[in-house]
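Presented below is the structure to which this report refers.
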Amino acid sequence: MEFALISLLNGASYGMLLFMLSSGLTLIFGMMGVLNFAHASFYMLGAYFAFQVSSSLGWWPALLMVPLLVGLLGAGVERFGLRRVHRFGHVAELLFTFGLAFMIEEIVHLAWGRNAVDYAVPAELDGTLFTLFNTAFPVYRGLMIVVSAGMMATLYLLLTRTRIGLIIQAALTHPEMAESLGHNVPRVFMLTFGMGCAMAGLAGVIGGNAFVTEPSMAAAMGSIVFVVVVVGGLGSMGGALAASLLIGVLQTFAVGIEWRPLAALGPGAADSVLQQLATLKLSQMAPILPYLLMVAMLIVRPRGLMGQRED
Amino acid sequence: MNKQTVRAALAAITLAGVAGATGAQTIKLAYIEVLSGPLGAVGELGSKNLQFVIDELNARGGVLGGRKFEMLPFDSKGSPQEALAALKSATDQGIPFIVQGNSSAVAGALVDAINKHNERNPAKRVMFLNFAAIDPDLTDEKCSFWHFRFDSHVDMKMHGITNAIKADPKVKKVFLINQDYAFGHQVTRAAKEMLAAKRPDVQVVGEDLHPLGRVKDFAPYVAKIRAAGADTIITANWGQDLTLLVRAAKDSKLDVDWYTYYAGAYGSAAAIGDAGIGRVKNIVEWNPNVVNPKMDAFYVAYKAKWPAPADEFFYYRMKVMMGMLGTALEQAKDTDAQKVASALEGMTWQGDVGEVTMRKNDHQLLQPLYIPTFAKVGSGGVRVSLEGSGYGFGNALVVPAAETALPSSCKMQRPTAP
């Protein structure tokens with residue numbers, strides 16, 4: 001019982017962090033059709049910027065400033081890079097963001113070195129929120145859930161209740177019509193891209209000190225975020241939320257399960273590789289489960305949990 | 001350009017060549033380590049430690065009539081493939097000594113490659129000085145004449161740890177959490193075997209192997225350990241895998257004792273905090289709280305050069321390794337790998353902390369080990385703040401060198417005389 005509840009909470013807080021990242025990615029894809037390979041790199045930049053800002057101004061200013069900073073950077077990338085590449089089609093865009101991811105990683109190497117930086121949780125948040133049976137639930141994990149839920153609510157209201165949100169939605173489905181009605185669609189694109197990057201930056205501020213801030217964090221997070229977006233359905237915000245929580249909880253619970261799924265291979269297997277596989281526990285396989293889920297999803301339901309497109 | 005300037009230039013080049021030749025008299029060591037990525041901090045710290053030891057030896061006049069040591073770093077990125085590429089470029093440059101430690105998977109690949117290289121290139125043979133890869137296989141089944149291990153291997157350390165557990169009646173339910181590769185597997189096996197032999201009443205309530213350097217969130221593992229009802233954790237995690245595990249345990253207020261291999265490094269002390277006082281142990285060959293005038297002075301000099309809290313002097317064994325290598329070079333009067341290796345095997349050497357022996361039949365160093373306990377500075381035998389945390393490890397149980405001498409299944413293949 002205690003294990004199940006705590007695992008659920010741990011899974012939810014990790015899942016909400018995934019959602020902060022994947023919502024930006026899926027927003028950008030839904031809007032512009034751009035699969036942004038550099039998305040997790042903006043997450044990494046968020047963490048490094050937060051480390052830098054919090055070491056001089058404190059953590060709370062970083063929480064506000066860094067997403068803005070990363071958002072501006074993202075808008076700049078769209079305005080001066082992506083927009084030019086756009087006319088050469090989607091493949092060129094894909095290659096552009098792919099190159100951008102490598103470039104950001106190298107810049108991080110040059111600026112902050114190849115090792116982890118000491119970006120720590122602020123002292124006032126380094127405590128216990130509540131105790132469930134005997135397990136303490138840290139304040140910071142609670143904050144992770146609160147911040148991402150707040151971001152989700154803001155985003156929802158922005159997209160459905162404001163004029164700019166309506167224009168974004170219009171530009172998403174009918175770009176030509178929106179343009180002929182006098183809306184500046186390229187600027188809407190820039191805004192959306194910047195917003196998506198700002199959300200990744202916010203995730204970086206929160207996730208960087210909850211876990212580790214180091215140059216391979218973008219690569220580690222990037223692949224999992226793609227899984228979330230594919231499983232949830234490309235371009236679907238609700239799907240991204242469902243998939244983030246599903247994967248967060250799945251990975252957390254899998255760690256606790258001792259079942260050996262390939263045990264049937266074991267007895268009588270002459271091959272030592274098969275014997276090796278048979279001894280694998282589900283907990284050891286936890287890191288590959290999301291990818292397994294993605295492959296299964298693509299086979300069974302290619303448009304994802306809540307995706308719109310059938311192609 | 002007139003003839004005179006040409007002549008002058010030629011003379012300068014010739015002189016530079018001669019100077020270069022004397023400069024080339026340095027004895028080169030290739031330091032093949034993980035210097036980037038999640039575990040990069042570990043290799044980085046090792047390079048600072050080794051460089052300091054080398055500088056000290058060089059300041060005392062070097063070896064073989066004034067020749068100086070020179071360390072050349074190569075980034076293995078923690079992967080065997082990258083390490084083999086680094087080995088290739090080191091051997092191409094004619095570097096005779098390979099130094100590596102972190103990751104037994106990398107060490108295993110290097111041993112194989114060095115065996116082959118030495119067989120094929122008798123004129124350019126190299127020696128492998130291993131300072132931290134402690135998979136017992138490297139001095140058992142896979143033992144090589146060219147490989148020397150300067151750290152006590154998994155079973156030797158587990159022998160010490162289980163002896164401590166034998167004397168600790170509080171330990172009833174043990175959880176084993178380790179990294180999923182050769183080393184972590186060996187630790188798990190050794191712990192189960194030795195606990196069964198020395199404390200059959202102790203129950204192993206769970207064992208986990210997690211991916212090396214890739215887990216960012218240990219909270220699920222901590223929840224599992226709690227659910228298993230463990231009162232003691234045995235872990236040989238290193239680098240970020242240890243720090244994050246300890247931090248997750250502290251965040252959820254996990255109430256256990258810890259027997260670790262490496263809690264004395266990698267920023268773990270700050271992550272353990274008050275909760276670990278009297279409850280966390282590690283096993284080391286030395287730490288700054290071991291009272292020893294020679295090492296005290298050495299440590300002060302090291303901290304004067306590297307004052308940053310994270311730059312601890314962790315690898316006393318590097319001092320032993322370089323000292324023994326220097327002695328072997330003097331005895332061999334040459335840098336030829338076979339002569340140096342022959343001089344090194346079986347050598348007994350007086351270290352600052354105690355006498356050590358490079359066992360001849362498997363090239364495993366026998367050294368005294370210490371099992372200290374976590375405490376605040378100024379109590380529990382802790383004189384020095386570890387990594388600026390305000391804590392340290394003191395009041396160690398001592399395991400004499402002779403007691404760590406476990407049998408080896410090595411059948412050493414020695415090359416014929418050149």
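In the stretch A:209-224, the count of residues that are surrounded by fewer than 23 Cβ atoms within 10 Å (Cβ to Cβ), under 10 Å from the mean Cα position of the chain (by Cα) and hydrophobic (A, V, I, L, M, F, W, C) is one or more. The set of residues in the stretch A:274-292 being within 16 Å of residue B:212 (Cα to Cα) and open to solvent by 60 Å² or more (accessible area, probe 1.4 Å) consists of A:288 alone.
Please specify each residue of the stretch A:159-196 satisfying the condition of being among the aromatic types (Phe, Trp, Tyr) and modelled with pLDDT of 90 or more. Answer for the stretch A:159-196, where residues must be among the aromatic types (Phe, Trp, Tyr) and modelled with pLDDT of 90 or more: just A:193. Residue-level check: of (1) within 11 Å of chain B (Cβ to nearest Cβ); (2) on the phi > 0 side of the Ramachandran plot, residue A:207 misses just (2). Might you let me know whether the stretch B:380-400 holds any residue that is open to solvent by 30 Å² or more (accessible area, probe 1.4 Å), within 27 Å of residue B:94 (Cβ to Cβ) and not polar (S, T, N, Q)? No; the residues of the stretch B:380-400 include none that is open to solvent by 30 Å² or more (accessible area, probe 1.4 Å), within 27 Å of residue B:94 (Cβ to Cβ) and not polar (S, T, N, Q). Could you list all residues from the stretch B:275-290 that are open to solvent by 20 Å² or more (accessible area, probe 1.4 Å), more than 21 Å from the chain's Cα centre (by Cα) and touching a residue at least 60 places away in the same chain (Cβ under 8 Å)? Correct list: B:277, B:278, B:279.
Restricting attention to the stretch A:144-169, the residues being more than 23 Å from the chain's Cα centre (by Cα) and either within 11 Å of chain B (Cβ to nearest Cβ) or open to solvent by 40 Å² or more (accessible area, probe 1.4 Å) (or both) number 5.
Quick one: in the stretch B:77-120, which of the residues that are touching a Phe, Trp or Tyr at 6+ places or on another chain (Cβ under 8 Å) and hydroxyl-bearing (Ser, Thr, Tyr) is surrounded by the most Cβ atoms within 10 Å (Cβ to Cβ)? This residue is B:103.
A single member of B:176, B:138 is under 25 Å from residue B:286 (Cα atoms), away from every other protein chain (no Cβ under 13 Å) and either open to solvent by 40 Å² or more (accessible area, probe 1.4 Å) or not hydroxyl-bearing (Ser, Thr, Tyr) (or both), and it is B:138.
Looking at the stretch A:186-205, is at least one residue among the β-branched types (Val, Ile, Thr) and over 23 Å from residue A:236 (Cβ atoms)? Quick ask: steps written out before the conclusion?
First, the residues of the stretch A:186-205 that are among the β-branched types (Val, Ile, Thr): A:188, A:192, A:205.
The next check asks that each one be over 23 Å from residue A:236 (Cβ atoms); those that pass are A:205.
The answer is yes; a qualifying residue exists.
When the stretch A:11-22 is limited to residues that are in contact with a helix residue (DSSP H, G or I) (Cβ under 6 Å, 6 or more places away or on another chain) and open to solvent by 10 Å² or more (accessible area, probe 1.4 Å), the one that is nearest to residue A:152 (Cα to Cα) turns out to be A:16. Can you spot a residue in the stretch A:212-220 that is more than 14 Å from chain B (Cβ to nearest Cβ) and outside any strand (DSSP E or B)? No: zero hits.
For every residue, the table says whether it meets (1) within 14 Å of chain B (Cβ to nearest Cβ); (2) in a helix (DSSP H, G or I); (3) at pLDDT 90 or above; (4) closer than 30 Å to residue A:115 by Cα.
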site: A:198; (1), (2), (3), (4): no, yes, yes, yes
site: A:203; (1), (2), (3), (4): yes, yes, yes, yes
site: A:261; (1), (2), (3), (4): no, no, no, no
site: A:298; (1), (2), (3), (4): no, yes, yes, no
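Just one residue in the set B:358, B:295 is open to solvent by less than 50 Å² (accessible area, probe 1.4 Å), under 30 Å from residue B:410 (Cα atoms) and touching an Asp or Glu at 6+ places or on another chain (Cβ under 8 Å); that residue is B:358. Only a single criterion out of (1) under 28 Å from residue A:207 (Cα atoms); (2) crowded, with 24+ Cβ neighbours inside 10 Å; (3) under 22 Å from the mean Cα position of the chain (by Cα); (4) more than 9 Å from chain A (Cβ to nearest Cβ) is not satisfied by residue B:187, namely (1).
So which residues in the stretch A:80-105 are in a helix (DSSP H, G or I) and open to solvent by 90 Å² or more (accessible area, probe 1.4 Å), if there are any at all? Quick ask: steps written out before the conclusion?
Step one: filter the stretch A:80-105 for residues in a helix (DSSP H, G or I), giving A:80-86, A:90-105.
Matches in the stretch A:80-105: A:80, A:84, A:90, A:91, A:95, A:98, A:102, A:103.
Residue-by-condition table, conditions (1) surrounded by 24 or more Cβ atoms within 10 Å (Cβ to Cβ); (2) more than 14 Å from chain B (Cβ to nearest Cβ); (3) under 20 Å from residue A:152 (Cα atoms):
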{"position": "A:9", "(1), (2), (3)": "no, no, yes"}
{"position": "A:24", "(1), (2), (3)": "yes, yes, yes"}
{"position": "A:35", "(1), (2), (3)": "no, yes, no"}
{"position": "A:39", "(1), (2), (3)": "yes, yes, yes"}
{"position": "A:45", "(1), (2), (3)": "yes, yes, no"}
{"position": "A:55", "(1), (2), (3)": "no, yes, no"}
{"position": "A:59", "(1), (2), (3)": "no, yes, no"}
{"position": "A:62", "(1), (2), (3)": "yes, yes, yes"}
{"position": "A:67", "(1), (2), (3)": "yes, yes, yes"}
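From the list A:177, A:195, A:237, pick out the single residue that is farther than 24 Å from residue A:100 by Cα, open to solvent by 20 Å² or more (accessible area, probe 1.4 Å) and touching a residue at least 40 places away in the same chain (Cβ under 8 Å). Even if it seems obvious, please write down each step before you answer.
Values: A:177 fails: touching a residue at least 40 places away in the same chain (Cβ under 8 Å); A:195 fails: farther than 24 Å from residue A:100 by Cα.
From the options A:177, A:195, A:237, the qualifying one is A:237.
When the stretch A:106-143 is filtered for residues that are open to solvent by 30 Å² or more (accessible area, probe 1.4 Å) and away from chain B (no Cβ under 11 Å), the ones remaining, listed by number, are A:106, A:107, A:110, A:111, A:112, A:123, A:124, A:130, A:143.
For the stretch B:48-76, a residue qualifies if it is without any contact (Cβ under 8 Å) to a residue 12 or more places away in the chain, within 15 Å of residue B:323 (Cβ to Cβ) and open to solvent by 30 Å² or more (accessible area, probe 1.4 Å), and the qualifying residues are B:55, B:59, B:60, B:61.
Every listed requirement among (1) within 14 Å of chain B (Cβ to nearest Cβ); (2) assigned to a helix (DSSP H, G or I); (3) under 25 Å from residue A:65 (Cβ atoms) is met by residue A:251 save one, (3). Evaluation of residue A:182 against the conditions (1) in contact (Cβ under 8 Å) with a residue 40 or more places away in the chain; (2) at positive phi; (3) open to solvent by 20 Å² or more (accessible area, probe 1.4 Å) shows that the sole unmet condition is (1).
Within the stretch B:361-379, the residues that satisfy the criterion of being crowded, with 16+ Cβ neighbours inside 10 Å and polar (S, T, N, Q) are B:364, B:367, B:373.
The values are calculated or read from the model by the stated rules, or taken from the named source; none is laboratory data. Just so you know, these numbers come straight off a predicted model, no measurement behind them. All Cβ positions, even for glycine, are placed from backbone atoms using ideal geometry, and neighbour counts span all protein chains on display. To get the accessible areas, we keep the full protein, side chains included, count just its heavy atoms, and leave off ligands, DNA and RNA. Shrake-Rupley method; radii C 1.70, N 1.55, O 1.52, S 1.80 Å.
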